[in-house]
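Trainee: Here it is, the structure, as structure tokens.
Since every read-out is calculated from the coordinates, none of them should be taken as a lab result. Please read these numbers as outputs of a predicted model, since none were measured by experiment. For neighbour counting, all protein chains shown are included, and Cβ atoms are generated from backbone atoms with ideal geometry for every residue, glycine included.
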Amino acid sequence: MSATPVFKGLIFDLDGTLTDHPSVLGGAFAECLKKYGKKISVEEGQRLAKEMQLQVAGIESTFSYIKVLNKITKEQGIGGFFRRLRFIRNFIKIFHAFTRKTKMFSGIPELLQMVHARGMKICIVTSSSRSEVNRSLTEVRDQFDPYVDAVITRDDIKDVKPNPASLFVVTARFGLEISQCLVVGDSWHDIRAAKNAGARSAAVLWGYGTLENLSAESPDFIVKTPQEILEILAQKN
């Protein structure tokens, strides 16, 4: 029986894993709907955000986002094609403004610091574009840049997750074996990408994914707090 590999690199998703993207997207929904005379709670905004992300995960095209936004606006009672189109245009502007105020989840800055102190490589693989990443990191650069070794966006690769190509970009860049990497994400396509690559995975429950849809992908670990990732590393390293 072969020994459990020692992890030398962590490959994180960004939105919903390190950064509190659900609050940003949910807040944008609430703010935009308010302009149309529809008040919703923060929790309802986050529910809409999660519904949207679950439907577009692994697709990541402008058309797919617009299609889901159109469906959500219909469900919210905004009638008429052109009225919904104006809503979508307003929503995108509001979302971009909100994105610049994105925060990291509680415990994530400390996690990055401690993993970095262990001498491990920390890489981000995201289906977001480079410009989207830069916007979302506006207020957290000092908690991010000193510890992260590379950020791979959809601009850097041909196929996004669950295609494993982006994970192999990381291993090639840093001379790692895929078995030496732990992939950490909040969505089914993060876990499936890890499986497709032959990497071990940790599904996090504080982002967009639910216990049900993440469990269906059979991740190696399911974690409720960032601290649990450190516990995994302590056990395996």
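Trainee: If the Cβ limit is 7 Å and pairs must be 6+ apart or interchain, which residue in the range 14-33 that is without any contact (Cβ under 8 Å) to a residue 40 or more places away in the chain pairs with which residue that is part of a loop (DSSP other than H, G, I, E, B) and surrounded by fewer than 24 Cβ atoms within 10 Å (Cβ to Cβ)?
Mentor: 30/40
Trainee: Inside the range 150-209, counting only strands (runs of 3 or more DSSP E) that do not spill past its ends, which hold 2 or more residues that are of a type in the set (Val, Ile, Thr) and touching a helix residue (DSSP H, G or I) at 6+ places or on another chain (Cβ under 9 Å)?
Mentor: In the range 150-209, 150-152, 181-185 are the strands (runs of 3 or more DSSP E) which contain 2 or more residues that are of a type in the set (Val, Ile, Thr) and touching a helix residue (DSSP H, G or I) at 6+ places or on another chain (Cβ under 9 Å).
Trainee: Next question, about the same structure. Could you list, in sequence order, the residues of the range 115-131 that are without any contact (Cβ under 8 Å) to a residue 40 or more places away in the chain and either buried (at least 20 other Cβ atoms within 10 Å of the Cβ) or of a type in the set (Gly, Ala, Ser) (or both)?
Mentor: 117, 119, 129, 131
Trainee: Inspect all residues belonging to the range 99-106 and state whether any of them is under 15 Å from residue 31 (Cα atoms), in a helix (DSSP H, G or I) and out of contact with any Leu (no Cβ under 6 Å at 6 or more places or on another chain).
Mentor: Among the residues of the range 99-106, at least one is under 15 Å from residue 31 (Cα atoms), in a helix (DSSP H, G or I) and out of contact with any Leu (no Cβ under 6 Å at 6 or more places or on another chain), which makes the answer yes.
Trainee: If I go through the range 77-114 residue by residue, how many of them are in contact (Cβ under 8 Å) with a residue 40 or more places away in the chain, touching a Phe, Trp or Tyr at 6+ places or on another chain (Cβ under 8 Å) and over 22 Å from residue 190 (Cβ atoms)?
Mentor: Result for the range 77-114: 3.
Trainee: Condition test on residue 201, is it among the small types (Gly, Ala, Ser) and either buried (at least 17 other Cβ atoms within 10 Å of the Cβ) or farther than 28 Å from residue 43 by Cβ (or both)?
Mentor: The answer is yes for residue 201.
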